[in-house]
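A short write-up of the structure that comes next.
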Amino acid sequence: MAEIPESLLRRSAEAKAKALGVPVEQVLAEMKGEAPPAAPAPAPEPAPVKGTPAPAEAPAEPEPTPEPAAPEPAAAAAAEPEPSPVTVADPPSGGNGHSGNGAGRVAASVSARPVAPPANAPEGVRTQRLLTVVKARAIQNVKAEPTDKVNTWPHLMIAEFTALLAMTALLLIMSVVLQAPLLEPANFNATPNPSKAPWYFLGLQELLSYFDPQIAGVTVPTVIGLIGFMMIPYVDRNPSTKPSDRKFAIMLYTIFLTGSATLTIIGVLFRGQGFNFSYPWRDGIYFDDLKDWVPIGLGGGH
Amino acid sequence: MRKVSGVADGNEKTGLKDRLTEALENLRGSQFMESVLRPGSPFKKGYSDSPRNRSYVIMNNVLYHLHPVKVKRHGVKLSYTLCLGGLSFFLFILLTITGIFLMFYYAPTADRAYADVAALSTNVAFGSLVRNMHRWGAHLMVLTVFLHMSRVFYHGAYKPPREFNWVVGVILLLLTLLLSFTGYLLPWDQLALWAVTVGTNMAGFVPVFGNQVKFALLAGAEVTAGTLLRWYVLHVLFFPFIIVIFMAVHFWRVRKDGGISGPL
């Protein structure tokens, strides 16, 4: 407590002097000078302050040593705005107890001071200021309405784990029972008849046999298939998710769904030699992905 | 759970099962397991079923924390989502695992590819099973992704604020198709060769620069040995890399856009 650095003491004194309008030297002398800390406070000191003693002051007063007058920072901070009345009262009286008290207060304010303001803050200026006004609104668009929620663990995890196990079982059984096709080695000179694309492109291949390739090969898959699908949320401005409110959208999608399924099924099952129409029950299935596991021995052209 | 048969008369004779359970309990309480399991793990010693721990299970697990701690009650119902998105992701993981297995036994050269695939059925333990899983899993994934998209459409789940996630989802569908299609060539049999020939012929119909697209895809004017290497790299590295990025965005946006969509 005794070793207050000179610079801090000086700064504190300057601030105090500015606040009181008295010369710095006077305040400084008063702060560090003629108040040896050993001096006991003689008198109870009835009312040096006009009714505004800092909270820490009251318990400190009865004790003889000045040490208690240096309270913990919180109390010091509380006491800080108040030093003016004390020091105004101080110079005339100049008593031992007063100056001791004053020194204690200064120590308190000094000990609190270095923490509070930034190092380059101008003296006597309050360091908090208005930077900006922020609207009380979150960055993200949170629309928290009270909803009925359950814990992910265990309620959702159980459902997911079950689905995962079921899929694993399905895949394992499929893989044990059904052999993946492997035909003869690739031969650039032997074009199979018919040549079919993978099944998910067979709808497209089917379209290719009806329309000009520019339309079926490019316009349909890229324009409708990709760009069109990506644009759905921006085209469909209907905010409702109720099926009864969006009959048109549902109808369009269902047409797409059934259409592509139909085309794919035709491409898979009903296209034979030369990609001409054929009946699977009469001419066999011309689809090599199914080759090894269709039970009916219809064995097409292979 | 503990069997008390051995300790009925005295305490010196304990069964093997008792000693095993005790050793397991000690292991669970050890500093090592304490450090492995994060707070709230159901495997941790002294785990109790409390709302706090239920949250910790999700929050403190690197895999589970893709999920929110709580979900809407209707979202738990299997009939709402049919788990299709999750199953697509799960199939992707299965395909990655089986694909890595297959890579050990496959060389993407015209003179070895077919023999390597054929050898999977004869020379490699579980080779045939893993190849079948990879192939059927790929077909299933195309199916689940497509059905997932249909489910989302019928629920109107692409509506604000989820528009962009729908766009990401369409890209994911495209990438799934590309992954499947590039894998189609790799067995290097007649089915692979001619399906890819037919498929890439469609790309040749792109207006203006159709031939360039086809040339870039095939590394030549038609399917050649160079195509095999190109599609192999696309299949095992390039497209998986891209699709993982888009999947990350997709899952993240599901959370950020407010979880799965509301009930109808």
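The values are calculated or read from the model by the stated rules, or taken from the named source; none is laboratory data. Model, not experiment: these values are computed from the prediction. No Cβ is skipped: glycine too gets one built from the backbone with ideal geometry, and neighbour counts run over all protein chains shown. Note: accessible area is taken over every heavy atom of the protein model, side chains too, but ligands, DNA and RNA are not part of it. Shrake-Rupley method; radii C 1.70, N 1.55, O 1.52, S 1.80 Å.
Please tell me if B:Leu24 is open to solvent by 80 Å² or more (accessible area, probe 1.4 Å), in contact (Cβ under 8 Å) with a residue 24 or more places away in the chain and out of contact with any His (no Cβ under 7 Å at 6 or more places or on another chain).
Spelling it out, it is not the case that B:Leu24 is open to solvent by 80 Å² or more (accessible area, probe 1.4 Å), in contact (Cβ under 8 Å) with a residue 24 or more places away in the chain and out of contact with any His (no Cβ under 7 Å at 6 or more places or on another chain).
State which residue pairs qualify: first residue in a helix (DSSP H, G or I) and inside segment A:243-265, second residue open to solvent by 70 Å² or more (accessible area, probe 1.4 Å) in any location, beta carbons under 9 Å apart, and separation of 6 or more residues or different chains.
A:Pro243/B:Leu264; A:Asp245/A:Pro239; A:Phe256/A:Ile224
Just the residues that are more than 7 Å from chain B (Cβ to nearest Cβ), at pLDDT 80 or above and surrounded by 12 or more Cβ atoms within 10 Å (Cβ to Cβ), please, taken from segment A:209-239.
Scanning segment A:209-239 gives A:Ser209, A:Phe211, A:Gly228, A:Met231, A:Asp236, A:Asn238.
Could you grab me the full set of residues in segment B:198-212 that are facing chain A (nearest Cβ under 7 Å) and open to solvent by less than 30 Å² (accessible area, probe 1.4 Å)?
Across segment B:198-212, the qualifying residues are B:Val198, B:Gly199, B:Met202.
So B:Lys159 ticks every box in (1) within 9 Å of chain A (Cβ to nearest Cβ); (2) not in a loop (DSSP other than H, G, I, E, B) but one. Which box is left unticked?
(2)
Can you list residue pairs whose Cβ atoms sit under 6 Å apart, with the first residue in segment B:181-203 being free of Cβ contacts under 8 Å to residues at least 40 places away in the same chain and the second being of a type in the set (D, E, K, R)? Count only pairs 6 or more apart in sequence or on different chains.
B:Gln190/A:Glu184; B:Leu191/A:Asp288; B:Thr200/B:Lys214; B:Ala203/B:Lys214
May I ask you to verify whether A:Thr254 is open to solvent by 40 Å² or more (accessible area, probe 1.4 Å) and either touching an Asp or Glu at 6+ places or on another chain (Cβ under 9 Å) or more than 7 Å from every other protein chain (Cβ to nearest Cβ) (or both)?
Judged against the criteria, A:Thr254 is a match.
One line per residue, one yes/no per condition, for (1) over 22 Å from the mean Cα position of the chain (by Cα); (2) open to solvent by 40 Å² or more (accessible area, probe 1.4 Å); (3) at the interface with another protein chain (Cβ under 7 Å from one of its Cβ atoms):
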residue	(1), (2), (3)
B:Pro68	no, no, yes
B:Leu78	no, yes, yes
B:Thr81	no, no, no
B:Leu102	no, no, no
B:Tyr114	yes, yes, yes
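Which condition number in (1) under 24 Å from B:Val170 (Cβ atoms); (2) crowded, with 18+ Cβ neighbours inside 10 Å is the one that B:Tyr232 fails?
If we test B:Tyr232 against (1) under 24 Å from B:Val170 (Cβ atoms); (2) crowded, with 18+ Cβ neighbours inside 10 Å, just (1) comes out false.
Can you name the residue in segment A:160-198 that is assigned to a helix (DSSP H, G or I) and among the small types (Gly, Ala, Ser) and is also surrounded by the most Cβ atoms within 10 Å (Cβ to Cβ) among such residues?
A:Ser175
In this structure, is B:Pro207 closer than 30 Å to A:Pro243 by Cα and either acidic (Asp, Glu) or not in a helix (DSSP H, G or I) (or both)?
Criteria not met by B:Pro207.
Counting only residues that are under 21 Å from B:Leu172 (Cβ atoms), touching a residue at least 60 places away in the same chain (Cβ under 8 Å) and not in a helix (DSSP H, G or I), how many does segment B:69-102 have?
Result for segment B:69-102: 1.
May I ask you to verify whether A:Arg282 is of a type in the set (Lys, Arg), touching a Pro at 6+ places or on another chain (Cβ under 7 Å) and more than 9 Å from chain B (Cβ to nearest Cβ)?
For A:Arg282, the condition - of a type in the set (Lys, Arg), touching a Pro at 6+ places or on another chain (Cβ under 7 Å) and more than 9 Å from chain B (Cβ to nearest Cβ) - is not met.
Could you tell me whether any residue of segment B:117-129 is assigned by TED's automatic domain parsing to the domain that holds B:Val244, open to solvent by less than 50 Å² (accessible area, probe 1.4 Å) and hydroxyl-bearing (Ser, Thr, Tyr)?
Yes, there is a match, as at least one residue in segment B:117-129 is assigned by TED's automatic domain parsing to the domain that holds B:Val244, open to solvent by less than 50 Å² (accessible area, probe 1.4 Å) and hydroxyl-bearing (Ser, Thr, Tyr).
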